[in-house]
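K.L.:
Below you will find the structure I want to go over with you.
The values are calculated or read from the model by the stated rules, or taken from the named source; none is laboratory data. Computed from a prediction, not measured in an experiment: that's the story for all the values here. FYI the Cβ positions are ideal-geometry reconstructions off the backbone, even for glycines, and counts take in every protein chain you see.
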Amino acid sequence: MVKASYEGKPYRKILMNTWGASVYPSPSNRTEAGKKILAADPDSPGSLGIAISEAVELAFQDENTKYALGSVLNHVLMHQTVIGLEAIKQLEQAGDFPDVIVAPFGGGSNFAGISFPFLRYNLEEGKKIRCIAAEPASCPKLTRGVFRYDLGDTVGMTPLLPMYTLGHNFIPAPIHAGGLRYHGAGAIVSQLLKDGLIEAQALKQLECFEAGIKFARTEGIIPAPEATHAIATAIREAERAKEEGVSKTILFNLCGHGHFDMGAYEQYLSGKLVEHEVTQEEILASLAELDTPVIS
Ligand SMILES: Cc1ncc(COP(=O)(O)O)c(C=O)c1O
């Protein structure tokens, strides 16, 4: 488990322990990949890219262990489209249709899941649904990364993929939206963004938690910090529609609950949650380490 999440979400670890799993913070001393990262930075908060390297390395060593990537790869994005297909049916029943679709963005699976089935209406029927990926300002690969071939993990166990990326060595700040702390974006989503068929926005975590609290108080559901990025973006879009004096149907993906993120909510409610945005120098330094081709 990524160290930042291991420390920030202790009850998720205990849930896994309850079902018999042993959980170790990544980077760990249990893999060559982890040892390499720790040698360079003993206090590394980890990243999804590092955790993937460690998991793939362990899976290679045991023929009974399989590794399943949770996001990014095209087949995973397509698999998740059941979410959008269901949303189409639900909206049919409600007699409505979205003008704007929003989903938080880590590697792309929940965003692709809800938006891809609707994009078909844009591509085939000339509809103009805006599909917005909401990413953290601490890990903004879609809004501030480059489109080029890069690795899906930090150490290089995965093949090169064409993607918007901040560089596979990029270590995002330990923000609470752990699921969005990934350096790259899925290939299909990246190409769609490059072609101007989808949009992306970056948000800082205080705006997101404010939106999460508002949602919890109005809907009775505490959203995951990842999901608050979509909620905050939906609120931005609703405010914009209000200013323009138009009525819009905004569909967003509530990708998870925040029951294991009470520590983060406690920090926000006690005024201790700090704002963070990655600097341009940090992004350029990470990208400078890449030697793979930029895609024109
Ligand atoms: C609750 C939640 N939402 C969103 C994400 C982001 O991943 P993806 O962009 O693949 O949906 C994650 C990833 O772990 C997550 O845990």
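K.L.:
Could you check Leu73 against (1) at pLDDT 95 or above; (2) within 16 Å of the ligand (Cβ to nearest atom) and say which number it fails?
P.N.:
With (1) at pLDDT 95 or above; (2) within 16 Å of the ligand (Cβ to nearest atom) applied to Leu73, the lone miss is (1).
K.L.:
Restricting attention to region 1-18, which residues are of a type in the set (D, E, K, R) and either closer than 13 Å to His176 by Cα or in the same structural domain as Pro172 (by TED's automatic domain parsing) (or both)? Please lay out each step first, then the result.
P.N.:
Within region 1-18, the first condition is being of a type in the set (D, E, K, R), and the residues that meet it are 3, 7, 9, 12-13.
Passing the criteria: Lys3, Glu7, Lys9.
K.L.:
Only one residue in Glu135, Glu86, Glu57 is under 17 Å from the mean Cα position of the chain (by Cα) and either under 22 Å from Tyr6 (Cα atoms) or loosely packed, with under 14 Cβ neighbours inside 10 Å (or both), so which one is that? I'd like the intermediate steps shown before the answer.
P.N.:
Values: Glu86 fails: under 17 Å from the mean Cα position of the chain (by Cα); Glu57 fails: under 17 Å from the mean Cα position of the chain (by Cα).
That would be Glu135, the only listed residue that is under 17 Å from the mean Cα position of the chain (by Cα) and either under 22 Å from Tyr6 (Cα atoms) or loosely packed, with under 14 Cβ neighbours inside 10 Å (or both).
K.L.:
Step by step: first the residues of region 180-191, then only those that are in contact (Cβ under 8 Å) with a residue 40 or more places away in the chain and surrounded by fewer than 22 Cβ atoms within 10 Å (Cβ to Cβ), then the one that is farthest from Ser115 (Cα to Cα). Which residue is that? Lay out the reasoning, then the answer.
P.N.:
At the first step, the residues of region 180-191 found to be in contact (Cβ under 8 Å) with a residue 40 or more places away in the chain are 180-190.
Filter once more, keeping what is surrounded by fewer than 22 Cβ atoms within 10 Å (Cβ to Cβ): 187-188.
Numbers: Ala187: 15, Ile188: 12 Å.
Only one residue fits best here, namely Ala187.
K.L.:
While we're looking at this one, here's another question. Within region 1-44, can you find the residues that are basic (Lys, Arg) and in contact with an Asp or Glu (Cβ under 8 Å, 6 or more places away or on another chain)? Even if it seems obvious, please write down each step before you answer.
P.N.:
Here is the first cut: in region 1-44, the residues basic (Lys, Arg) are 3, 9, 12-13, 30, 35-36.
Within region 1-44, Lys9, Arg30 qualify.
K.L.:
In this structure, is Gly108 within 12 Å of the ligand (Cβ to nearest atom), buried (at least 23 other Cβ atoms within 10 Å of the Cβ) and not hydrophobic (A, V, I, L, M, F, W, C)? Steps first, please.
P.N.:
Details: within 12 Å of the ligand (Cβ to nearest atom): yes; buried (at least 23 other Cβ atoms within 10 Å of the Cβ): yes; not hydrophobic (A, V, I, L, M, F, W, C): yes.
Yes.
K.L.:
Ok, one more. Name the single residue, out of those in region 170-179 being buried (at least 21 other Cβ atoms within 10 Å of the Cβ) and of a type outside the set (A, V, I, L, M), that is nearest to the ligand (Cβ to nearest atom). Steps first, please.
P.N.:
Restricting attention to region 170-179, the residues satisfying the condition of being buried (at least 21 other Cβ atoms within 10 Å of the Cβ) are 170-172, 175-179.
Those still in the list that are of a type outside the set (A, V, I, L, M) too: 170, 172, 176, 178-179.
On the way: Phe170: 16, Pro172: 13, His176: 11, Gly178: 7, Gly179: 2 Å.
Selected residue: Gly179.
K.L.:
Please give the number of the condition Thr143 fails out of (1) out of contact with any Phe, Trp or Tyr (no Cβ under 7 Å at 6 or more places or on another chain); (2) of a type outside the set (A, V, I, L, M); (3) buried (at least 24 other Cβ atoms within 10 Å of the Cβ).
P.N.:
Only one criterion in (1) out of contact with any Phe, Trp or Tyr (no Cβ under 7 Å at 6 or more places or on another chain); (2) of a type outside the set (A, V, I, L, M); (3) buried (at least 24 other Cβ atoms within 10 Å of the Cβ) is unmet by Thr143, namely (3).
K.L.:
Within region 28-45, count every residue that is in contact (Cβ under 8 Å) with a residue 60 or more places away in the chain and either within 16 Å of the ligand (Cβ to nearest atom) or hydroxyl-bearing (Ser, Thr, Tyr) (or both).
P.N.:
2
K.L.:
Given the structure, is Ala4 buried (at least 21 other Cβ atoms within 10 Å of the Cβ), at pLDDT below 95 and under 20 Å from the mean Cα position of the chain (by Cα)? Lay out the reasoning, then the answer.
P.N.:
Working: buried (at least 21 other Cβ atoms within 10 Å of the Cβ): yes; at pLDDT below 95: yes; under 20 Å from the mean Cα position of the chain (by Cα): yes.
Here the answer is yes, as Ala4 does meet what is asked.
K.L.:
Still on this structure, please answer the following. Can you pull out every residue in region 220-245 that is over 15 Å from Arg130 (Cα atoms) and within 23 Å of the chain's Cα centre (by Cα)?
P.N.:
Taking region 220-245 first, the residues over 15 Å from Arg130 (Cα atoms) are 220-229, 231-232, 239, 242-245.
Scanning region 220-245 gives Ile221, Ile222, Pro223, Ala224, Pro225, Glu226, Ala227, Thr228, His229, Ile231, Ala232.
K.L.:
Restricting attention to region 217-234, and to residues there that are free of Cβ contacts under 8 Å to residues at least 12 places away in the same chain and in a helix (DSSP H, G or I), which single residue is farthest from Leu119 (Cα to Cα)?
P.N.:
Start the filter on region 217-234 by keeping residues that are free of Cβ contacts under 8 Å to residues at least 12 places away in the same chain, which leaves 217-220.
Cutting the leftovers down to in a helix (DSSP H, G or I) gives us 217-219.
Numbers: Arg217: 32, Thr218: 30, Glu219: 28 Å.
The qualifying residue farthest from Leu119 (Cα to Cα) is Arg217.
K.L.:
Here is a further query. Enumerate the pairs (first residue in region 268-287 and assigned to a helix (DSSP H, G or I); second residue anywhere and of a type in the set (Asp, Glu)) with beta-carbon separation below 9 Å, excluding pairs fewer than 6 apart on the same chain, so at least 6 apart or on different chains.
P.N.:
The qualifying pairs are Tyr268/Glu210.
K.L.:
Farther than 29 Å from Leu91 by Cβ and β-branched (Val, Ile, Thr) - does that describe any residue in region 246-268?
P.N.:
No, region 246-268 contains no residue that is farther than 29 Å from Leu91 by Cβ and β-branched (Val, Ile, Thr).
K.L.:
Same structure again: Being away from the ligand (no atom under 16 Å from the Cβ), on the phi < 0 side of the Ramachandran plot and loosely packed, with under 11 Cβ neighbours inside 10 Å narrows it down to one residue among Lys204, Lys272; which is it?
P.N.:
Working: Lys204 fails: loosely packed, with under 11 Cβ neighbours inside 10 Å.
None of the others qualify; the one that does is Lys272.
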